[in-house]
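Comments concern the structure below.
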Amino acid sequence: MSKQVDAVVDVLVVGAGSAGSTAAIAAARTGARTLLVDRLGFLGGTSTAVLDTFYAFFTPGERPRKVVAGIADEVVAALRAEDAAFKRPNTYGAGTGITYDPETLKRVWEALVVEAEAEVLLHAFVHGVDVEERRVAAVRLWTKGGERVVRPRCVVDASGDADVCHLAGAPYEPPGADVQSLSTVFRMANVDVERAEAVPKHELWALMREASASGRYALPRIEGSVHRTPHAGVMMALMTRVRSVDATDPEQLTRAELEGRRQCHEYFRFLRENVPGYEGAVLVSTSPAIGVRESRRILGEHVLTADEILSAAQFQDQIALCGAPIEDHHAGADTRWVYLAEGAAYGIPYRCLVPREVDGLLAAGRCFSATHDAHASARSMATCMAMGQAAGTAAALSVAAGAEPRALDPTRLRTRLREDGADVGA
């Protein structure tokens, strides 16, 4: 089969999740001919395939502080214009969330990307990267029509798993023994929402402990959240825990998908048989893909640390803010939380998006450069959108200047991000 060689593009964005879609919008608006590719048949990644709540727009605590803006605000505004989103209070610890309808969000992402005049290619897997003189020269995609070769001037790796960085030979931290657990979410209809929400979380978790101890239910996580959605009588549950999985290993990931769906039915059975409000509930869907919190983390020009986030460190080249707690879904039955001071937020340096040793390449989203604990704070979707806007803007500015992303003046980048409505701090 002959290869199909695409025309050269300025910016190739791999992965159309919250980071990648935002990066493509930003790059195209900044004047770059942009191609956005994803392995799924729709945009949004985890935001539309798994979850229904954006976290990290606000710091947690009694006086929430908004720390993410820019394109992310446009996404929320478009959802609200269709009555498909609302603020959800800090019920379970991560802070104020913005709960939305994932089906509406699919259309919102599509509209914003198309309006920005970025090109889109779905059902496309990256399977190879050509590097010449330490610079990405081509990215090889596999599609239903065979191989396509894209020759970009800059690549934004927003794959979540740092797939492009891995194939290009950029250094990264592989998933370790402390890798965060995976989760499959499920949605239930015909729920008596008022009665269900009247059960406080400490009572729900006590019921879970009792049910698990009885031996009648296999519940690996003795906590989790259940919350209302924009639709009457519909609740979403994030309760499952699939432990110690290397999500870059296809066999392990396959087993995790099967286990995640099995757990969904077990937790649903627990809710229906034990918790007020769920007596007549029906399980209407499980997420089409399991949610991966952590896999490869690139080694960038700076590696963000837990000490830096807990001290609310600020950086001269920071391109985003985050005040989210360390939220570590470890292999145990609970979740480890470590909070910043009330209202505090730290900066995310541009250098955390710049991989070492390979040029023509940036990374954004949950594969950015951070330690395990720092990553457990900054991986939330609002922060990923902020990183995506920064990476897309930086890629376009670098191409326009004929320079490598690592040589881009961070002051110029921060100025442009501010002009485009982003919050980069002081």
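The values are calculated or read from the model by the stated rules, or taken from the named source; none is laboratory data. Since we're looking at a predicted model, the values are computed, not measured. Neighbour counts run over all protein chains shown; Cβ positions are idealised from the backbone, glycine included. Just the protein is used for accessible areas: all its heavy atoms, side chains included, with ligands, DNA and RNA removed. Shrake-Rupley method; radii C 1.70, N 1.55, O 1.52, S 1.80 Å.
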>> Looking at the range 88-105, can you tell me whether even one residue there is assigned to a helix (DSSP H, G or I), charged (D, E, K, R) and touching a helix residue (DSSP H, G or I) at 6+ places or on another chain (Cβ under 9 Å)?
In response: yes
>> If Phe86 satisfies all but one of (1) among the aromatic types (Phe, Trp, Tyr); (2) open to solvent by 30 Å² or more (accessible area, probe 1.4 Å); (3) farther than 24 Å from Ala232 by Cβ, what's the number of the condition it fails?
In response: (3)
> Which one is least open to solvent (accessible area, probe 1.4 Å), of the residues in the range 370-422 that are farther than 25 Å from Arg33 by Cα and part of a loop (DSSP other than H, G, I, E, B)?
Replying inline: Ser380
> For residues in the range 175-205 being part of a loop (DSSP other than H, G, I, E, B), of a type outside the set (A, V, I, L, M, F, W, C) and modelled with pLDDT under 95, which is surrounded by the most Cβ atoms within 10 Å (Cβ to Cβ)?
Replying inline: Pro175
>> Filter the range 126-135 down to the residues that are within 18 Å of Gly160 (Cβ to Cβ) and surrounded by 14 or more Cβ atoms within 10 Å (Cβ to Cβ) and list them by number.
In response: Val126, Val129
> Which one of Tyr55, Tyr100 is of a type in the set (Phe, Trp, Tyr) and open to solvent by 10 Å² or more (accessible area, probe 1.4 Å)?
Replying inline: Tyr55
>> I'm checking my understanding of the structure. Among residues of the range 222-272 that are surrounded by fewer than 22 Cβ atoms within 10 Å (Cβ to Cβ), of a type in the set (Ser, Thr, Tyr) and part of a loop (DSSP other than H, G, I, E, B), which one is farthest from the chain's Cα centre (by Cα)?
In response: Ser244
>> Checking the condition touching a helix residue (DSSP H, G or I) at 6+ places or on another chain (Cβ under 7 Å), among the acidic types (Asp, Glu) and farther than 30 Å from Leu362 by Cβ, which residue from Glu301, Glu279 passes?
In response: Glu279
> What residue, of Val113, Val68, is of a type in the set (A, V, I, L, M, F, W, C) and more than 17 Å from the chain's Cα centre (by Cα)?
Replying inline: Val113
>> Could you list, ordered by first residue, the pairs with Cβ atoms under 7 Å in which the first is in the range 20-45 and farther than 19 Å from Glu74 by Cα and the second is open to solvent by 10 Å² or more (accessible area, probe 1.4 Å) and among the aromatic types (Phe, Trp, Tyr), at least 6 apart or interchain?
In response: Arg39/Phe125
> So which residues in the range 288-302 are more than 12 Å from the chain's Cα centre (by Cα) and either within 17 Å of Val185 (Cβ to Cβ) or outside any loop (DSSP other than H, G, I, E, B) (or both)?
Replying inline: Pro288, Ala289, Ile290, Arg297, Ile298, Gly300
> Out of all the residues in the range 120-147, which are among the small types (Gly, Ala, Ser) and in a strand (DSSP E or B)?
Replying inline: Gly128, Ala137, Ala138, Gly146
